[in-house]
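What follows is one structure encoded as structure tokens, with my remarks underneath.
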């Protein structure tokens with residue numbers, strides 16, 4: 001069973017702006033003033049040359065702009081999304097989603113998913129998940145999720161807040177994946193009036209530890225949900241990566257497998273901001289636009305949330321970028337799998353690589369400037385690849401992992 005702790009600090013004392021290195025601190029001004037003028041000038045020249053050399057070396061090796069593996073949120077905006085935003089920035093458009101870009105993006109989603117779904121846009125995944133779940137249940141209901149689910153561990157109680165109190169019920173999960181058995185166990189644990197009534201199952205595709213639900217697994221879960229009278233919600237923050245890994249159509253992984261609502265992530269796949277919420281069951285979308293407005297998710301200039309989706313969807317950039325991120329994750333796993341002491345914690349199916357490393361190795365990697373998360377348990381390290389990850393950078397990381405693991 002996984003132990004999920006709080007995220008570590010995202011910065012290191014080694015990288016704080018304005019923090020002076022030991023060499024600079026050792027040359028205090030009073031000591032320098034004690035030298036004769038000529039000696040002082042020579043010393044200053046040597047000192048500044050030394051500092052420049054150190055800083056130049058640091059910049060060539062690792063800078064604040066260097067590609068990192070802490071999160072796929074570190075990456076910038078992909079060219080397709082950027083170009084669409086540039087086009088949307090020309091002239092004036094109607095506000096609050098009545099613009100042509102929002103209509104165009106919505107139609108693009110319907111074509112991609114091969115169905116007439118209801119489409120909404122939100123600023124981020126927490127808002128998308130929380131509002132979607134709130135539309136599926138009442139305050140006295142409960143939501144069944146994996147013990148590692150983002151809604152449980154990383155959304156600050158937002159699902160409970162926006163649903164006016166619907167309780168999250170966690171189920172044990174191998175690789176972050178729910179099963180019909182685990183869902184049934186939680187749903188049937190108690191059925192008396194004193195217990196929050198199960199109403200929704202939420203699953204994450206791909207999971208928080210990089211696992212992917214197969215279509216047949218989704219259909220089995222959907223059948224269990226129908227048997228128990230539960231709605232099925234999918235957190236698709238990395239839905240693109242799941243589609244890329246399985247080489248399945250979005251339709252096959254959602255409504256054709258019984259999913260009622262999908263929160264489709266764009267931020268982790270080349271967009272600056274913005275998630276799409278797709279209701280395949282029209283009845284569940286009733287008044288959802290009011291929920292978005294009340295929660296501060298109705299962008300006045302909505303075209304800048306929806307236009308990037310046009311850029312990603314109309315030329316399949318969403319899938320191309322996901323495939324690239326997945327490929328880089330597979331490359332990293334391949335490069336480190338034979339290093340003594342390194343263990344792959346989970347199968348690499350999406351764009352994340354979870355490694356078991358020694359604690360000294362983790363500290364050494366951090367000291368060398370690498371940024372990654374270690375919230376997956378003692379000795380566990382998560383490395384995420386992005387749409388723009390360079391293979392050369394993956395090889396640099398793998399080489400450093402090999403180096404620090406050798407002591």
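Quick note: the coordinates plus some simple rules give every number you see, no bench work behind them. Just so you know, these numbers come straight off a predicted model, no measurement behind them. Here the Cβ is made from the backbone with ideal geometry for all residues, glycine too, and neighbour counts use every protein chain on show.
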Subject >> DSSP beta bridges in the stretch 79-313 [antiparallel fraction, %, rounded to 5] >> reply: 40 percent
Subject >> Acute angle (nearest 10 degrees) that the helix 303-313 long axis makes with the longest principal axis of the chain, alpha-carbon atoms >> reply: 90 degrees
Original post:
Mean residue ellipticity at 222 nm from the helices of the chain, using -39,500 (n - 2.57) per DSSP H segment of n ≥ 4 over the full residue count, to the nearest 500 deg cm²/dmol?
Top reply: -12500 deg cm²/dmol
**OP:** Give the Cα extents of the stretch 79-313 along the principal axes, in whole Å, largest first.
**Re:** 58, 37, 29
Original post:
Which angle between 0 and 90 degrees, to the nearest 10, do you get for helix 125-134 versus the longest principal axis of the chain when only C-alpha atoms count?
Top reply: 20 degrees
Subject >> Relative contact order, percent, the chain [alpha-carbon distance under 8 Å, six or more residues apart] >> reply: 22 percent
**OP:** Return an integer: the convex hull volume of the alpha-carbon atoms of the stretch 90-229, in Å³ per residue.
**Re:** 144 Å³
Original post:
What angle do you read, to the nearest 10 degrees and between 0 and 90, between the alpha-carbon axis of helix 37-61 and the longest principal axis of the chain?
Top reply: 30 degrees
Original post:
How big is the Kirkwood radius of the chain, worked out from every pair of different alpha carbons and given in Å to one decimal?
Top reply: 23.2 Å
**OP:** Just rank 214, 112, fewest to most, by other beta-carbon atoms within 10 angstrom.
**Re:** 214, 112
**OP:** Mind telling me which of 149, 350, 299 comes out most flexible in a GNM of the chain, alpha-carbon contacts under 10 Å?
**Re:** 299
**OP:** Given the peptides 284-294, 174-184, arrange them by the average over their residues of other C-beta atoms within 10 Å, most packed first.
**Re:** 174-184, 284-294
